[in-house]
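**Q** Let me begin by handing over the structure; questions about it come next.
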Amino acid sequence: MSDKVRGPLANRYTDLVGIRHPVVQEGMGPFGTTRLAAAVSNAGGLGTVSVPGTDGDLHAAAAELRRSIEECATRTSAPFAVNIPVGHDRNGGIATFARIYLDAVFAARRGDAGIASRLRVLTTSAGFPAGLTARIHDEGMIHQHKVGATRHAVKAVEAGVDVVIAAGSEMGGHAPASGMHTFVLVPNVAAAVDVPVVLTGGVRDGRGLAAALCLGADAVALGTRFAATTDNTEWHPAYRDALVAAQEGDDLLIDGVFGPCRMLRNPAAEKMRTGTTPQAEKIAAMRRAQIEGDTENGLVLMGQVASGISDVVTVAEYLPRIVDEAAEILTSIQPSPNTPMKGYKR
């Protein structure tokens, strides 16, 4: 990327992915994030198209994912990503739904050179992406993988992953079973691997972005904050209202589809915290909140950072603002441009 389009916090991650700012929108399935992804990419970050879910007619869902990719490509000329949870099968490989979604992503890129030029990144999560990295690279894509422990980060890099997303336990949705906080996990991961590291969990403003860079991360990924934006038009407004109204202690960790899952403490979450609830019922409850706006009987996935969010913002204004805030903070505490702080990689 040329210096003319590099942002004030440009570094090896932004250069690798081809974006202006080190800010990523999290994968937020099973909810639609097509328009949100385009808005984030248009603002200089990396937007992410999410998969529809892991149940029902998977081939129909894969067709829906491809349509989402095609729509996102019409809404932005900037790079964007797709997030696919890989799960696992009985033999330790990736789950069937993941293979079907991967085929849809690759087919979309092969079928349209414009899409191929924009859809540059594939993010995997919720399981180890056994044998996928070489295939992703063969398709001309960058592979970033989400982990919740340093040993998993090392294993992913040994497998050839280009970027590691270090997920802290405070994040919303499916959180790592390790229970590690970002302030502990990210420095550990950054010291253990030599690829770019993205911090996810707990960031809502420029202070969090600056802190992440000081901890050794190259970028941050945000889910809850981007969910509470005017660009998140594919979700019911009541969902955003619930996020803004949430206070400290209003979150709850229950057993989700791929492990621990953080969400709003409400009757639906309390009910599913005890006993055994079928995965399909959990996914249906997630969609109930997102599509119908039923934030009492639906599951409202959110991170602990919701307690510090008090407004619904516009991505185009918000994203550059937090980058400028972070740059100002880092400049104020850095002795000089020629003596970067340890852990802060430009």
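**Q** Please report the carbon-and-sulfur percent of the accessible area for the chain; probe 1.4 Å, protein heavy atoms only, DNA, RNA and ligands left out.
**A** The computed percentage sits at 49.
**Q** Further, regarding this structure: Kindly report, to the nearest 10 Å², the accessible surface of Asp251 as traced by a 1.4 Å probe over protein heavy atoms only.
**A** We get 20 Å² for Asp251.
**Q** Highest GNM mean-square fluctuation, the chain, Cα pairs closer than 10 Å: which of Lys282, Lys271, Lys146?
**A** Lys271
**Q** Further question: For Glu328 and Ala192 in one chain, what is 0.36 nm times their gap in residues minus the Cα-Cα distance, to one decimal in nm?
**A** Result for the pair: 46.1 nm of gain on full extension.
**Q** If we sort 262-270, 44-52 on the protection proxy, mean other Cβ atoms within 10 Å, highest first, what's the order?
**A** Descending packing order for the listed peptides: 44-52, 262-270.
**Q** So, one more: By average Cβ neighbour count within 10 Å, what is the ranking of 74-85, 15-26 from highest down?
**A** Per-residue mean Cβ counts within 10 Å order the peptides as 15-26, 74-85.
**Q** Would you mind computing, in nm to one decimal, how far apart the modelled labels at His181 and Lys155 are, each placed 7 Å from Cα along Cα→Cβ?
**A** Spacing of the two 7 Å Cα→Cβ label points: 2.6 nm.
**Q** Over the Cα atoms of segment 104-257, each weighted equally, I'd like the Debye log10 I(q)/I(0) at q = 0.11, 0.16, 0.18, 0.19 Å⁻¹, rounded to two decimals.
**A** -0.50, -1.00, -1.17, -1.23
**Q** Which helices, counted as full DSSP H runs in the chain, have an axial Cα extent of no less than 20 Å and a Kyte-Doolittle average of -0.5 or above?
**A** Within the chain the helices that satisfy the rule are 58-75, 96-111, 315-333.
**Q** Counting heavy atoms of the protein chains only and a 1.4 Å probe, report the per residue accessible area for segment 202-338 as a whole number of Å².
**A** Ligands and nucleic acids excluded, the result is 43 Å² per residue.
**Q** Mean residue ellipticity at 222 nm from the helices of the chain, using -39,500 (n - 2.57) per DSSP H segment of n ≥ 4 over the full residue count, to the nearest 500 deg cm²/dmol?
**A** -11500 deg cm²/dmol
**Q** Then there is this: Please compute the length gained on full extension between Glu71 and Glu139, using 0.36 nm multiplied by the number of residues separating them and subtracting their Cα-Cα distance.
**A** Gain on extension, Glu71 to Glu139, equals 22.4 nm.
**Q** Suppose all protein chains stay in the model; what accessible area per residue would a 1.4 Å probe give for segment 1-80, in Å²?
**A** Accessible area per residue, segment 1-80: 35 Å².
**Q** Ok, one more. What does the extension gain come out to for Asp103 and Arg12, with contour length at 0.36 nm per residue minus their alpha carbon separation?
**A** 29.9 nm
**Q** Another one. State, to one decimal in nm, how far the label point of Thr277 lies from the label point of Thr314, with both points 7 Å from Cα in the Cβ direction.
**A** The two pseudo-label positions are separated by 3.7 nm.
**Q** With a 1.4 Å probe and all protein chains in place, put Phe183, Phe31 in order of accessible area, largest first.
**A** Listed by decreasing accessible area, they come as Phe183, Phe31.
**Q** Another one. Report the calculated FRET efficiency for Leu253 and Ala113 (r = Cβ-Cβ distance, R0 = 30 Å), to the nearest 0.05.
**A** Once rounded, the FRET efficiency stands at 0.10.
**Q** Follow-up question, since we're still on this one. Taking a probe of 1.4 angstrom, what is the accessible area of Ile291 in Å², to the nearest 10?
**A** Surface accessible to solvent at Ile291 totals approximately 110 Å².
**Q** Hey, what does the equivalent ellipsoid look like for the chain, semi-axes from the Cα gyration tensor as sqrt of 5 times each eigenvalue, largest first, whole Å?
**A** Rounded to whole Å, the semi-axes are 28, 24, 20.
The values are calculated or read from the model by the stated rules, or taken from the named source; none is laboratory data. This is a predicted model, so every value here is computed, not measured. When we count neighbours, we look across all protein chains shown, and the Cβ atoms used for this are built from the backbone with ideal geometry, even at glycine. We work out accessible area using only protein heavy atoms, side chains counted, and drop any ligands, DNA or RNA first. Shrake-Rupley method; radii C 1.70, N 1.55, O 1.52, S 1.80 Å.
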